[in-house]
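A.B. asks: Please see the structure below; I have some questions.
The values are calculated or read from the model by the stated rules, or taken from the named source; none is laboratory data. Given the structure is predicted, the values throughout are model-derived calculations rather than measurements. Virtual Cβ from ideal backbone geometry, glycine too; neighbours counted across all protein chains shown.
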Amino acid sequence: MEFRWKASNFKISAQIVGDRIIALEQQHGVLHPRLLVEDAEPLSSPLHPLFEWDDTTAASAYRVQQARSVLQAIRVVYEGGHGEEQIAFVHVRTEAEGPGYVSMIRAMSDQQMRAQVLADCLGLLTGIQERYKELGEFQLVWRAIRRAMARIKVFPAKATAKAKQAAAR
């Protein structure tokens, strides 16, 4: 069995990590994130380089992750709407301010940000489709996604690389 990283931000081979996680699964049955952390604590563990071991740095990074979770979890119900919750904030990259979150209203009213949100949505849909492509029960859904992607081809000239990649799929 060959392991690969979805993203290459890690300092250790995916094969080494995957093999170790399989060994943990064989030893413990069901895997829990805490088990990986405990296994990674010794310097000799192949998983050790995957984690931040300086508690001050880790605590600060964890609070940033908590803030990210807040921004991703909060929803809004607009007056005059049908009482439906909608995403309140989305992640975008601006030329002036770099990456960060803005209200969905602001993102939808800016051509560049709107292109990024559409690209992110298409990327998520494509990822779900790729992950579950073998499920025959969803073939109609996958076809509808492909049709929608074919219709959403117009992005501004300065759209992000992510938007351009999603449009090309």
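A.B. asks: Evaluate the following for Lys6: is it loosely packed, with under 11 Cβ neighbours inside 10 Å, without any contact (Cβ under 8 Å) to a residue 24 or more places away in the chain and not in a helix (DSSP H, G or I)? Full working, then the answer.
C.D. replies: Values: loosely packed, with under 11 Cβ neighbours inside 10 Å: yes; without any contact (Cβ under 8 Å) to a residue 24 or more places away in the chain: yes; not in a helix (DSSP H, G or I): yes.
Yes: the conditions hold for Lys6.
A.B. asks: Run Ala61 past the list (1) under 20 Å from the mean Cα position of the chain (by Cα); (2) modelled with pLDDT under 90; (3) of a type in the set (Gly, Ala, Ser) and report the number of the one that doesn't hold.
C.D. replies: (2)
A.B. asks: Give all pairs with beta carbons closer than 7 Å in which a residue from the stretch 48-66 that is under 23 Å from Arg20 (Cα atoms) meets a residue that is loosely packed, with under 12 Cβ neighbours inside 10 Å and of a type in the set (D, E, K, R); count only pairs at least 6 apart in sequence or on separate chains.
C.D. replies: The qualifying pairs are Pro49/Lys11.
A.B. asks: I've got another one for you. Can you tell me how many residues within the stretch 68-93 are surrounded by 14 or more Cβ atoms within 10 Å (Cβ to Cβ) and under 17 Å from Leu118 (Cβ atoms)?
C.D. replies: Within the stretch 68-93, residues that are surrounded by 14 or more Cβ atoms within 10 Å (Cβ to Cβ) and under 17 Å from Leu118 (Cβ atoms) number 6.
A.B. asks: Follow-up question, since we're still on this one. So, in the stretch 91-132, of the ones that are in a strand (DSSP E or B) and out of contact with any Ser or Thr (no Cβ under 9 Å at 6 or more places or on another chain), which residue ends up nearest to Ile152 (Cα to Cα)?
C.D. replies: Initially, the stretch 91-132 is screened for residues in a strand (DSSP E or B), giving 91-94, 98-103.
Remaining after also requiring out of contact with any Ser or Thr (no Cβ under 9 Å at 6 or more places or on another chain): 91, 94, 98-99, 101, 103.
Details: His91: 20, Thr94: 21, Gly98: 25, Pro99: 23, Tyr101: 23, Ser103: 22 Å.
Checked the stretch 91-132; the qualifying residue nearest to Ile152 (Cα to Cα) is His91.
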